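Presented below is the structure to which this report refers.
The values are calculated or read from the model by the stated rules, or taken from the named source; none is laboratory data. Note that the coordinates shown come from a computational prediction; the quantities given were computed from them, not determined experimentally. A quick note on method: Cβ atoms are made from the backbone with ideal geometry, for glycine too, and the neighbour counts reach across all protein chains shown. When the accessible area is computed, the model is the full protein with side chains, heavy atoms only, and any ligands, DNA or RNA have been set aside. Shrake-Rupley method; radii C 1.70, N 1.55, O 1.52, S 1.80 Å.
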Amino acid sequence: MNIIVLKFGGSSVANNESLKIVADKIINLYEKGNDIVVILSAQGKTTDKLINEAKELSKCAENRELDALLSAGEQISAAKLSILLNDLGYNAISLTGWQAGIYTNNTNQNAIIKQIDTERIIHELKLKKIVIIAGFQGINENMDITTLGRGGSDTTAVAIAAALKAKDCYIFSDVDGVYTTDPKKIQEAKKIPALSYEEMLEISNEGAKVLHNRCVEIGEKFKIPIITKSTFNNKPGTIISDIIEENTVKSIVKKDLSRIAIVGNGIIRNIDKVKEILNIISENKLEILEFNVSENKISILFKNIVDDEILEKIHSII
Ligand code: ADP
Ligand code: ASP
Ligand code: MG
């Protein structure tokens, strides 16, 4: 089989217009003879909205019930896309996490995928159907619905790609790749064509939500290259794989008000860049509370709030 996994995030499926763009992309790849498995997030801000609605009802909603509620968001988008593809004359089927055979541990709201039974997916693919799976969810040993933590549809996608030994795993979003810093905050951010799993993991762990951290771990473990691209243009994206490029600073992440992380393989040996970063810190009279250095990351906690201007200055030297 020639399986391709495509994941579309919330902003890519926010309304009927964007669902049509997604459908076009899928049809294009299907017509080229690929077996297509699609993973979807909930539409737009649906998950936030459902969380707020639950909070209005109770300050202590049980995690099991929250999972039952939140998982509905992904089921709606999966069913809608399937309805649209069917209407366009394509054979598609939507599956919930449990119908797709995604088994997790019992940690509601932050479950870990334990196993994927691919029988149903393969069966539908053999019938030449486009298989659309609700992301972010699975089922535990008690047959209760679980969710994988915020942003977890990325993890569904890479785990499904690994289980199916897919040819490619594309993560489509509202940005056309992983940037040197959040492009919505810093205009000068540059796209990074390639990153190693280790670098991407550091970036995700520091809170850049562009990829869920567990999807990167799974990609690394099962050697699945992850390609991030935009739903809304055809520009080349970022490929995350086990190819390591040494000694380049790749990305800056601002985790919270006073912590930044600078990520890049072998960053510790890139003395010139480290010096420049330290100069900016002293010029701006920032007081350092904590300074952690590892092979791939420098993480600095400041006493002061680091505003985006300083982030921009540090960013400019990479
Ligand atoms: P999706 O809904 O498609 O899953 P997310 O909102 O979870 O998308 O992730 C994409 C967002 O991640 C972008 O809109 C961007 O603002 C943010 N982001 C943060 N850091 C980065 C980065 N280094 N590169 C690209 N995007 C980033
Ligand atoms: N819908 C979930 C969230 O907003 C999962 C995801 O989008 O990946 O966190
Ligand atoms: Mg996301």
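The table that follows gives values for the structure above.
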{"quantity": "Residue within region 44-64 that is within 22 Å of residue 5 (Cα to Cα) and of a type outside the set (Ser, Thr, Tyr) present", "calculated": "yes"}
{"quantity": "Residues (within 12 Å of residue 237 (Cα to Cα), assigned to a loop (DSSP other than H, G, I, E, B) and more than 7 Å from ligand 1 (Cβ to nearest atom)) located in region 178-196", "calculated": "190, 192, 193"}
{"quantity": "The one condition in (1) under 20 Å from the mean Cα position of the chain (by Cα); (2) closer than 23 Å to residue 139 by Cα; (3) open to solvent by less than 50 Å² (accessible area, probe 1.4 Å); (4) not basic (Lys, Arg) that residue 12 fails to fulfil", "calculated": "(2)"}
{"quantity": "Subset of region 52-71 [without any contact (Cβ under 8 Å) to a residue 60 or more places away in the chain, open to solvent by 40 Å² or more (accessible area, probe 1.4 Å) and either within 15 Å of ligand 2 (Cβ to nearest atom) or within 22 Å of the chain's Cα centre (by Cα) (or both)]", "calculated": "52, 53, 63, 69"}
{"quantity": "Test: residue in region 263-272 that is more than 17 Å from residue 190 (Cα to Cα), buried (at least 22 other Cβ atoms within 10 Å of the Cβ) and of a type in the set (A, V, I, L, M)", "calculated": "yes"}
{"quantity": "Any hit, region 285-304, residues being open to solvent by 80 Å² or more (accessible area, probe 1.4 Å), polar (S, T, N, Q) and free of Cβ contacts under 8 Å to residues at least 24 places away in the same chain", "calculated": "no"}
{"quantity": "Test for residue 222: is it open to solvent by 10 Å² or more (accessible area, probe 1.4 Å) and within 15 Å of ligand 1 (Cβ to nearest atom)", "calculated": "no"}
{"quantity": "Checklist (1) in contact with a Phe, Trp or Tyr (Cβ under 7 Å, 6 or more places away or on another chain); (2) surrounded by fewer than 20 Cβ atoms within 10 Å (Cβ to Cβ) applied to residue 172, failing item", "calculated": "(2)"}
{"quantity": "Subset of region 206-218 [more than 9 Å from ligand 3 (Cβ to nearest atom), open to solvent by 40 Å² or more (accessible area, probe 1.4 Å) and modelled with pLDDT of 90 or more]", "calculated": "213, 214, 217"}
{"quantity": "Tally of residues being within 16 Å of ligand 3 (Cβ to nearest atom), within 22 Å of residue 300 (Cα to Cα) and within 15 Å of the chain's Cα centre (by Cα) across region 176-205", "calculated": "8"}
{"quantity": "Residue list for region 14-41, restricted to those being in contact with a Leu (Cβ under 8 Å, 6 or more places away or on another chain) and hydrophobic (A, V, I, L, M, F, W, C)", "calculated": "19, 22, 23, 26, 27, 29, 36, 37, 38, 39, 40"}
{"quantity": "Test: residue 133 is more than 10 Å from ligand 1 (Cβ to nearest atom) and either part of a strand (DSSP E or B) or among the hydroxyl-bearing types (Ser, Thr, Tyr) (or both)", "calculated": "yes"}
{"quantity": "Test: residue in region 36-44 that is buried (at least 16 other Cβ atoms within 10 Å of the Cβ), free of Cβ contacts under 8 Å to residues at least 40 places away in the same chain and within 16 Å of ligand 3 (Cβ to nearest atom)", "calculated": "yes"}
{"quantity": "Strands (runs of 3 or more DSSP E) lying entirely in region 238-318 (those with 3 or more residues that are at pLDDT 80 or above)", "calculated": "238-241, 259-263, 288-293, 297-302"}
